[in-house]
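In what follows, a structure is listed as structure tokens, so that the remarks can point back to it.
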Amino acid sequence: MNSKSLKSFLGGSGAATLICLMVQATTIRAEPVLFTFTGTSSGFVGSTPFTDALFNIQFFGDTSTVIQPGNGTFGINGSLSTITLGNIGSGSFLDGTRMFALQSGTAGFGMQGGNLVLLLTGPALAGYDLRSSFSPATFATVGEDTLERFRDISTTLGPVDFTSARDVTFSAVIVPEHASLGLLSVAATLLWCLRRRRTAR
């Protein structure tokens, strides 16, 4: 397509078509996703106890790696997971981590090849498949049977044990990739130019 043809294409309905294709391209791409658990917990870091400390666990993954091992069951392995504990500090999990979801209304965090160590259940989670953002929802209690497995978890802070956890808020946010943001920026610029051209006429 020569410059004259391109100008004609962009001057007609082609610009709108091109913008639609760009926006569609950003929606079909796999996107990084950040899962977050915040709440109050007690336990130990090594031999140091903590009581009613605010905790924040963040899990970074990619929606393209979500698997479905069973009907209504979804899982994703993390590329990086971090933990912050009150005044103790922040660190990273040294072993691989994973997220798990049942569309019946359950989501959990655990270790790859191991047990879930933090499990939340409630109607707010019904239908969730780990592939999209999730508005913050708070759960007064966590699964006690899985919390019992939150023992000697290797982190850069030291081995972490949770003896209790409550008022846990779970959320998920899709993080746009730079390429997607770039396409959206170009599309917005084309749309602005098209409107300006029409106004000038």
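Tell me, what is the FRET efficiency for Asp161 and Ala137 to the nearest 0.05, using R0 = 35 angstrom and their Cβ-Cβ distance as r? Efficiency for this residue pair is about 0.85. Largest first, the extents of the alpha carbon coordinates of the range 31-175 on the three principal axes equal 41, 28, 25 Å.
Maximal additional length on extending the Asp52-Thr36 stretch stands at 3.9 nm, based on 0.36 nm per residue less the C-alpha distance.
Each residue, Glu148 and Gln112, gets one label point 7 Å from its Cα in the Cβ direction; the gap between the two is 2.8 nm.
The numbers here are math on the coordinates, done by the rules we state, and not lab data. All figures in this text were calculated on a predicted structure; none of them were measured in a lab. Ideal geometry is used to build each Cβ from the backbone, glycine not excepted, and the neighbour counts take in all protein chains shown.
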